[in-house]
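The values are calculated or read from the model by the stated rules, or taken from the named source; none is laboratory data. Remember, predicted model here, so these are calculated numbers, not experimental data. Cβ coordinates were reconstructed from backbone atoms using ideal geometry, including for glycine residues, and neighbour counts include every protein chain displayed. The protein model used for the area step is the full one, side chains on, heavy atoms only, and it has no ligands, DNA or RNA in it. Shrake-Rupley method; radii C 1.70, N 1.55, O 1.52, S 1.80 Å.
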Amino acid sequence: MEPHLVALDVDGTILTHDGRMPPATREAVRAVADAGHHVVISTGRSVIATLPVLEMLELDRGMAVCSNGAVTIALDSSEPQGYRIEETVTFDPKPAMNLVREHAPHVLAAVEEVGVGFKVARPYPEGVLWGRQVVVPWEELVAKPATRVTFHDPEGDSDDFLELVERIGLHGVEYAVGYTAWLDLAPEGVSKGSALEIVRRTLRVEPGLTFAAGDQRNDLEMLRWAARGVAMGDAPDEVVAAADEQTGRVAEDGLVDALRPFL
């Protein structure tokens, strides 16, 4: 089989939502990489939060898409941190952040600092954000271009954010509502799919040799982009509709079944 670009979401696809990687899933991903395919982790996670997953999979070469497509890294063991940043895309977060704050002042807000952590207006619960967390005034939080902004409501759920974005409208940015009470903002036109297209061209993989698997709304563009897009078993209806097929949940080794043709 010719080398394919195999793009894989992390949470809900490789990892269960409690952070566990089923052994069969790890073995399948490793086997796909060992067979010569380009395994590209494609996640909403920051670079810092993605690195442990790469280590668990023993992936030390190739590329990874982070922050829902706003940050792309090349894995390089010769670099001090094991990677170098290939591309970042930023946007002015101020209008959208002020709008969310106006209509939902209780939610937590964080602006990503690539490779470092997050600036926050108020502290997030311990263990929720990866990397350094620095509390700054709101004016400083919205002052500079950002790759990614994330809102979180520890007391809410995803439906609350779906209702919020439908009610207030968000213009000039891309947004995705997560599995739990998360709302991510990214530069307009940027998604996992747009970043993966650049990766595909860099790796010189033909469009028909692309595969993607994911389970959430931030995977929609990626699943549509891939020649073969697979939605996980517990994906929302709109994600299933964007995919070519559906497999089982990650806890049921659904990703293993989806990757079987590569093995």
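Residue count for the stretch 145-201 under the criterion of being free of Cβ contacts under 8 Å to residues at least 12 places away in the same chain and basic (Lys, Arg): the result is 1. Just the residues that are open to solvent by less than 70 Å² (accessible area, probe 1.4 Å), out of contact with any helix residue (DSSP H, G or I) (no Cβ under 8 Å at 6 or more places or on another chain) and either modelled with pLDDT under 95 or not in a strand (DSSP E or B) (or both), please, taken from the stretch 67-90. Correct list: Asp76, Glu79. Within the bounds of the stretch 186-207, is there any residue that is under 28 Å from Ala74 (Cβ atoms), of a type outside the set (Asp, Glu) and part of a strand (DSSP E or B)? The answer is yes, given that some residue of the stretch 186-207 is under 28 Å from Ala74 (Cβ atoms), of a type outside the set (Asp, Glu) and part of a strand (DSSP E or B).
If you scan the stretch 244-255, which residues turn out to be open to solvent by 20 Å² or more (accessible area, probe 1.4 Å) and aliphatic (A, V, I, L, M)? Result: Ala251, single match.
Of the residues Ala64, Ala109, Ala28, Ala96, only one is in a strand (DSSP E or B), surrounded by 19 or more Cβ atoms within 10 Å (Cβ to Cβ) and over 17 Å from the mean Cα position of the chain (by Cα); which?
On the way: Ala64 fails: over 17 Å from the mean Cα position of the chain (by Cα); Ala28 fails: in a strand (DSSP E or B); Ala96 fails: in a strand (DSSP E or B).
Of the residues listed, the single one that is in a strand (DSSP E or B), surrounded by 19 or more Cβ atoms within 10 Å (Cβ to Cβ) and over 17 Å from the mean Cα position of the chain (by Cα) is Ala109.
Scanning the stretch 4-25 for residues that are in a strand (DSSP E or B) and out of contact with any strand residue (DSSP E or B) (no Cβ under 8 Å at 6 or more places or on another chain), which turns out nearest to Leu196 (Cα to Cα)? Show your work before the answer.
As a first pass, look at the stretch 4-25 and keep what is in a strand (DSSP E or B): 5-8, 11, 15.
Then keep just the ones that are out of contact with any strand residue (DSSP E or B) (no Cβ under 8 Å at 6 or more places or on another chain); that gives 11, 15.
Values: Asp11: 18, Leu15: 21 Å.
Among residues in the stretch 4-25 that are in a strand (DSSP E or B) and out of contact with any strand residue (DSSP E or B) (no Cβ under 8 Å at 6 or more places or on another chain), the one nearest to Leu196 (Cα to Cα) is Asp11.
Listed conditions (1) assigned to a loop (DSSP other than H, G, I, E, B); (2) without any contact (Cβ under 8 Å) to a residue 40 or more places away in the chain are all met by Asp234, apart from (2).
Ser78 falls short on exactly one of the conditions (1) free of Cβ contacts under 8 Å to residues at least 24 places away in the same chain; (2) under 25 Å from His4 (Cβ atoms); (3) hydroxyl-bearing (Ser, Thr, Tyr), and that condition is (2).
For the stretch 208-234, how many residues are touching a helix residue (DSSP H, G or I) at 6+ places or on another chain (Cβ under 7 Å) and surrounded by fewer than 19 Cβ atoms within 10 Å (Cβ to Cβ)?
3
If you take the residues in the stretch 119-144 that are in contact (Cβ under 8 Å) with a residue 40 or more places away in the chain and touching a strand residue (DSSP E or B) at 6+ places or on another chain (Cβ under 6 Å), which one is least open to solvent (accessible area, probe 1.4 Å)?
Filtering the stretch 119-144 for residues in contact (Cβ under 8 Å) with a residue 40 or more places away in the chain gives 130-131, 141-143.
Next, only the ones that are touching a strand residue (DSSP E or B) at 6+ places or on another chain (Cβ under 6 Å) stay: 131, 141.
Details: Gly131: 44, Leu141: 5 Å².
Checking each candidate, the answer is Leu141.
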